Structures are given as structure tokens and as C-alpha cells.
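A.B. asks: Below you will find the structure I want to go over with you.
The values are calculated or read from the model by the stated rules, or taken from the named source; none is laboratory data. Model, not experiment: these values are computed from the prediction. Here the Cβ positions follow ideal geometry from the backbone for every residue, glycine too, while neighbour counts run over all protein chains shown.
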Amino acid sequence: MAILKLESLEPREYQRNIAKTAGEKNTLVVLPTGMGKTLISLLVASDRLEKFPESKIMILSPTRPLSTQHEKTFETFTTIPEDEIILLTGKIKPDDRVELYKKAKIIIATPQTIENDLENSKIDLSEFSFMVFDEAHRAVKEYAYPYIAKKFRLQSKYPLILGLTASPGAAQEKIQEICDNLFIKGVEIRSEGDVDVEEYVQPVEHENIYVEMPEEFKEITTLLEEALKDDLYWLKEHHYTFTYKPTKTMLLDTQKKIMASYMRGSKNYGAFWGMMRTAGAIKLTHAIEMLETQGVRFLYDFLKKIEKSKKRTDERLFKDPRIREAVRLCEELSLSDIEHPKLRKVIEVAKELISKKPNPKIIVFANYRTTVEKINKILNDSGISSEILIGQTIKEGKGLTQQQQLEVLNRFKEGQFTALVCSSVGEEGLDIPNIDYAIFYESVPSEIRHIQRRGRVGRQSVGKVIFLITKGTRDEVYYYASLKKEKKMKGMLYRMKDKGIKKKNNLLDWV
């Protein structure tokens, strides 16, 4: 049963090589964004349907826009009737989904939908021969992927699993957890320098542009850091942390442990103050990060929100005269319209890029929604046509729906505007058209996000990635941290590819 439209499909050598391995055992595929992970899943799906003609295929991806891309791929490159390629989301009624499961050959769905239907016995996976977990780095903790993978392995007569990701993370424990949760037996990784990849990769230039931290900002930073030091030293002296300079992630982990201990009954004086001090340290760390990477206006709004709060942890913070002085200085600077120098630099860089290439496609990444909106405004005010791509806040109903996100991307593809300013929603999987230039407004410590952002450039033509970095701040620390983590991650994955995956405590049957 040949299902591929070979006349319109030209798999690359590395895609064929990876698909061959993935057709033989449960495989985690790690490829840079834009290197055709979806096509690999298509090749393996075709092979499975040839081996098991009566079986079905399931593709799981975290969002509807991602699912829509998979649907389009199967419609374009296979001979399967379109009415047998079904896209399912939670918006379709459960009873209607039951009928669609019976009718479909290819089911493309969000994981929460399948998880709910498995729990309510709306779907049986016995007839499915292949399951794809897109953005497989999510297959940890309480996410739906591990539950679905377990059910698939138990119910299917002939299960085969494929995990797809641009980066599973640099922590060995997390990579192992992903492999355990998806019953992975082999890893296939490719980087730009691999022999079977080189000819398909366009060169991407990297440039770091440094800006100086304004002196007015440094005075506020000093006040916040002195207040933060008090909390960090208390936590170290009371053995809640093992260093005087814990990272934000370490503080969040510490907070979880103290709260868990407190809820189990250790409601003593030390645990109470441990929670208070940890909460304060986390907020002060975030405040310093906002000032260094975003600007004084963002910090001022953040601190005023804390000031109005009735929480005991927030009230304790504002008893500190250093915090009150920081708020006063923020207010003065806000009234003086002193902005973070990176805002001016974005305009300078964008104008220079436009002068070098007619009608370029530029993408700007920023961490915070308010920053995205600010950058979008100053670009448009400067005569550079720009739109935003953000997610939707479920509780408040603000932002862009998934349909609106797709509409923005279509306008960008058609060249209706020059710059697309994105929050993190633009990092993962979405089919963003070939980008000429990417600007990182701030650095991210996560190697996953760093790789996903960078992978937007150079898909079809030479590209450039530009990092805006504030000297001597967390911008600089995060930039080098993400590079170090990426190098570490690739080293681990290549070793796993060459030497195989170690079983974890022999708890899983890998046969």
C-alpha cells in the first residue's frame, strides 16, 4: 500500500537514514528547527501502513497550529483521502470524536484531548501501529505524553514510538526521563556539521551587540541586590541552600521542597521563615532580571504590584527601606522617560538590516508580553511595519487565539509586514516562513529555547542571528549558560546515539 506521493516528495539523505532507524525501534530524533522532522514522521508512517495496512497512525503535538501543520503535510504528500486525515482538538464533542476515531486513518491531535478520551474509554489504541510525539521534550512530569505512551504500549498490537524535538535539554536526568517515559531505545541526532546534513544547511552568521547598563539603573540594582543578599545568606546559614548565590531555578526548587515539608506537618518557625525568605529571594531575583534586561518601567510596574499585594511575603519586602527607595528611583526615572538602551538599539539594528537587503523578513524574540508590545510600537513608530505573535492568556482571554496566530503568520509569509515580534509562542514548532534575520532582545538561559529561536533563521538562504546583550548583567550570564548547556546536551546525545541508551534501574521492559 504505497501512500506517498513520490513525485512531490524528495527526502534528504539524513531524513531517509533517520527514518530507517526510526522504523525499526522506538526513537528520539533530535534535529535543529527547520531540518524536516515532520517529513521523517511521514516516511515512518508510510512504512508502518505498508506493513500493517489495516492499522492507524496517531500524531500528537502540543498546540492546534502545530497540529494543523501535520495535517497539511499528510494531505499534501500522501494519497490518503482527506476525510481520513482527521485533526482533533478539545473543541470537538467527545461523542463526535468517537465516530471520527472509527473513520480516520491518520489522527492528528493535541495530547490533552487523547488523554481525556483514554481516561473516559472513548478511544482504544489497539489498532494503532505508530505514534509520534512532537516537541518530545515535554514528555516529563505530569504532561499528557507519558500517560499516552504507556497506554499505547499496553494496548497496541504492534506499537512503534517516534519522539521529535529540536532539543531535549542539557540535564542528563531530563533526557533519561524523556527516554523512559516514551520507551525510547535509540537516539538519532544531527547537527549542522554532520556529513549527511552539511549540503542542506545555509550558513548563519552570529553577532553580539553589547549595550551599557545606564548608571541610573545601577543604583537601583545595588539596592535590590543588597536586599536579596540578606535572604540568600539567611537561607544558606539555615541550610536551605548550599551556596550563597543560588540560581532562580535552585530557589524555585528550594521553595517547592520547603512548602512540601510544611504541608506534611513540619509547620515550625524555621519552615515558615524558609518559605518567606525563599519567596522574597525569588521576587527580588526576578526584579533585578527585569531591570537589567527589560528596563525601569517594567520593574516599576512589577514592584507596584507587589506593594499593593496583601500577601505576607510581599508586605515583608516593602518593610525594607531599600525596596521603598528602589520604587522611588524607578518612579523618578519613569517620569523622565529613561528607557533601556536595547529599545533604541532594536530600531538601529532593524534599519541597518533593511538598508542591506530589500524586503527582509525579521523576527524579534522577547520574553515578556509587555516588551513585545513595546518593541512592536517603537518599530511601527519608526516606519518599520511590524506585528506581534503572542499566545492567549486563558484566564483573562487576552492575547491572540490560535486562529489569529495563524492569520498573523500568513500575513508575514505574504510579505505584508517586515518584522514579527514574538513571545515564546514563536519558538516552538510553528511554521514561520524563511527568516533572514533574528534578533534576541534578551538572552535565555534555556538551551531548548535558544536552539528553537536560532533555528528560525537560515532555512532556505543565508541568515543572521543578532544577540542584544547588556554588559555585566544576567543577559551576559544567560547567553554563555545557554551555549554551555547546548554543547553539553549534544555531547550526551551523540554518546547515546553511538553507545545506546542505558536502562534506568531495569524498571522498564525494553524488549
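A.B. asks: Would you pick out the residues in region 20-49 that are farther than 21 Å from Glu198 by Cβ, among the small types (Gly, Ala, Ser) and surrounded by fewer than 21 Cβ atoms within 10 Å (Cβ to Cβ)?
C.D. replies: Result: Gly23, single match.
A.B. asks: Let me ask something additional. Here is a list: Lys236, Lys245. Which entry is at pLDDT below 95, out of contact with any Cys (no Cβ under 9 Å at 6 or more places or on another chain) and not in a helix (DSSP H, G or I)?
C.D. replies: Selected residue: Lys245, the only one of Lys236, Lys245 that is at pLDDT below 95, out of contact with any Cys (no Cβ under 9 Å at 6 or more places or on another chain) and not in a helix (DSSP H, G or I).
A.B. asks: Determine whether region 452-465 contains at least one residue that is buried (at least 20 other Cβ atoms within 10 Å of the Cβ), aliphatic (A, V, I, L, M) and at pLDDT below 85.
C.D. replies: yes
A.B. asks: How about region 185-206: which of its residues are touching a helix residue (DSSP H, G or I) at 6+ places or on another chain (Cβ under 7 Å) and either at pLDDT 95 or above or buried (at least 17 other Cβ atoms within 10 Å of the Cβ) (or both)?
C.D. replies: Selection gives Gly186, Val187, Glu188, Ile189, Arg190, Val197.
Per-residue answers, yes or no, for (1) assigned by TED's automatic domain parsing to the domain that holds Ala287; (2) not basic (Lys, Arg):
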{"site": "Val327", "(1), (2)": "yes, yes"}
{"site": "Ile347", "(1), (2)": "no, yes"}
{"site": "Ala350", "(1), (2)": "no, yes"}
{"site": "Arg369", "(1), (2)": "no, no"}
{"site": "Ile378", "(1), (2)": "no, yes"}
{"site": "Val408", "(1), (2)": "no, yes"}
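A.B. asks: Residues Lys56, Lys91: which one is touching a Phe, Trp or Tyr at 6+ places or on another chain (Cβ under 9 Å) and more than 24 Å from Tyr494 (Cα to Cα)?
C.D. replies: Testing whether each residue is touching a Phe, Trp or Tyr at 6+ places or on another chain (Cβ under 9 Å) and more than 24 Å from Tyr494 (Cα to Cα) leaves just Lys56.
A.B. asks: List the number of the failed condition for Gly280; all other conditions in (1) at pLDDT 90 or above; (2) closer than 24 Å to Ala481 by Cα hold.
C.D. replies: (2)
A.B. asks: With respect to Phe302, determine if the residue is of a type outside the set (Gly, Ala, Ser), over 23 Å from the mean Cα position of the chain (by Cα), assigned to a helix (DSSP H, G or I) and at pLDDT below 95. Let's see the steps before the verdict.
C.D. replies: On the way: of a type outside the set (Gly, Ala, Ser): yes; over 23 Å from the mean Cα position of the chain (by Cα): yes; assigned to a helix (DSSP H, G or I): yes; at pLDDT below 95: yes.
It is true that Phe302 is of a type outside the set (Gly, Ala, Ser), over 23 Å from the mean Cα position of the chain (by Cα), assigned to a helix (DSSP H, G or I) and at pLDDT below 95.
A.B. asks: If you go through region 85-128 one residue at a time, how many are within 31 Å of the chain's Cα centre (by Cα) and assigned to a helix (DSSP H, G or I)?
C.D. replies: 13
A.B. asks: Looking only at region 255-264, decide whether some residue is assigned by TED's automatic domain parsing to the domain that holds Glu237, over 30 Å from Gln416 (Cα atoms) and in contact (Cβ under 8 Å) with a residue 24 or more places away in the chain.
C.D. replies: Yes - at least one qualifying residue is present in region 255-264.
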